[in-house]
Amino acid sequence: MNLEATNQQKWSDLLTQAVTQPGLILKAYSAFHGYSLGNQLGALLQCHRHGIEPGPIDTYKGWLDKGRHVRKGEKAIWLCMPLTRKKTNGDTGEDELYITAFVWKPRWFVLAQTDGEPVQMPEIPEWNKERALAALGIEEIPFTHTNGNVQGYAKKSQVAISPLAELPHKTLFHEVAHVVLLHTAESDISDSEQTPRSLREVEAEAVALLVCESLGLACSEYCRGYIQNWLEGDVIPEKSAQKIFGAADRILKAGINHQAEQTQSNANQPLA
């Protein structure tokens, strides 16, 4: 599978549609409370102290609402929370909340303290994840981000996909694209040479869109929503489009299952 063999016009049309057709934003990006940096650091310290793998944080009820349950005997994480009271506004007569103090409470648990059905990657007969990552020199590492709204992340030549990712295949291609597009290497480049974060996100998500479409995987509307959110009414530059095409082609070629491709080819041969 290569760029010449792929309908480049179709890919160009997909990028055009990415900025012109309606898109959706995953609810997964706002499913968890946004904890302060201080609370995230506090949770990390407690995880390391108790030998717990760091990960997304939620309350006992919060995990139940997400289809997971905290294991019996697990000790809660302490986080700092505000105490609020109601005060009547003399001008409007309406009750308003105001913060009276901040206190530490043991009410939270991390993902590693819970049980539940994991989100499964869809089966992709014509593309193999392990083969692709090996060919691209990318290592998949455990997801340890405390923000449950984060679907995945990439650093240097490593990617991590959240066990709670709503569309793990899209997230995988997005994070792999960051590495292939050399976004993760730009920390070693001077500021003047760095790609703006908004454009990095657009490029990576556009790669995910092309790869998913090429493999027949559903998620286009969410790719479009993500791209439009970061573009903020702008267009994808031609230089970025060429980078997107090249990265998508590399990822597809790296994981192509030649055995499945040959089987499909044989099945399409006319009978003698």
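The values are calculated or read from the model by the stated rules, or taken from the named source; none is laboratory data. For clarity, every value in this text was computed on a predicted model and none was experimentally measured. Counting neighbours? That spans all protein chains shown, and the Cβs are built from the backbone with ideal geometry, glycine included.
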The stretch 150-176 residues that are farther than 20 Å from residue 116 by Cβ, paired with ones that are modelled with pLDDT of 95 or more and among the acidic types (Asp, Glu) (beta carbon under 7 Å, 6 or more apart): 153/175; 154/175; 157/139; 158/139; 159/140; 159/175; 174/205
Elements of type strands (runs of 3 or more DSSP E) contained in the stretch 22-132, each with 1 or more residues being of a type in the set (Asp, Glu): 57-59, 95-110
Enumerate the pairs (first residue in the stretch 1-17 and within 17 Å of residue 251 (Cα to Cα) and exposed (fewer than 11 other Cβ atoms within 10 Å of the Cβ); second residue anywhere and of a type in the set (Asp, Glu) and at pLDDT 85 or above) with beta-carbon separation below 8 Å, excluding pairs fewer than 6 apart on the same chain, so at least 6 apart or on different chains. 2/249
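Take the residues of the stretch 233-272 that are more than 22 Å from residue 132 (Cβ to Cβ) and acidic (Asp, Glu): which is modelled with the highest pLDDT?
Among those residues, the one meeting the criterion is 238.
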Can you name the number of the only condition in (1) surrounded by 19 or more Cβ atoms within 10 Å (Cβ to Cβ); (2) in contact with a Phe, Trp or Tyr (Cβ under 9 Å, 6 or more places away or on another chain); (3) at pLDDT 95 or above that residue 76 fails? (1)
Out of 130, 140, 117, I need the residue that is more than 23 Å from residue 32 (Cα to Cα), without any contact (Cβ under 8 Å) to a residue 60 or more places away in the chain and exposed (fewer than 12 other Cβ atoms within 10 Å of the Cβ). Which one? 130
Top-ranked residue of the stretch 80-109 - restricted to ones that are aromatic (Phe, Trp, Tyr) and at pLDDT 75 or above, ranked as nearest to the chain's Cα centre (by Cα): 109
From 49, 85, residue being surrounded by 10 or more Cβ atoms within 10 Å (Cβ to Cβ) and of a type in the set (Lys, Arg): 85
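The rows are residues; the columns are (1) small (Gly, Ala, Ser); (2) surrounded by 14 or more Cβ atoms within 10 Å (Cβ to Cβ); (3) within 29 Å of residue 228 (Cβ to Cβ); (4) touching a strand residue (DSSP E or B) at 6+ places or on another chain (Cβ under 6 Å).
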{"residue": "19", "(1), (2), (3), (4)": "no, yes, yes, no"}
{"residue": "22", "(1), (2), (3), (4)": "no, no, yes, no"}
{"residue": "26", "(1), (2), (3), (4)": "no, yes, yes, no"}
{"residue": "57", "(1), (2), (3), (4)": "no, yes, no, yes"}
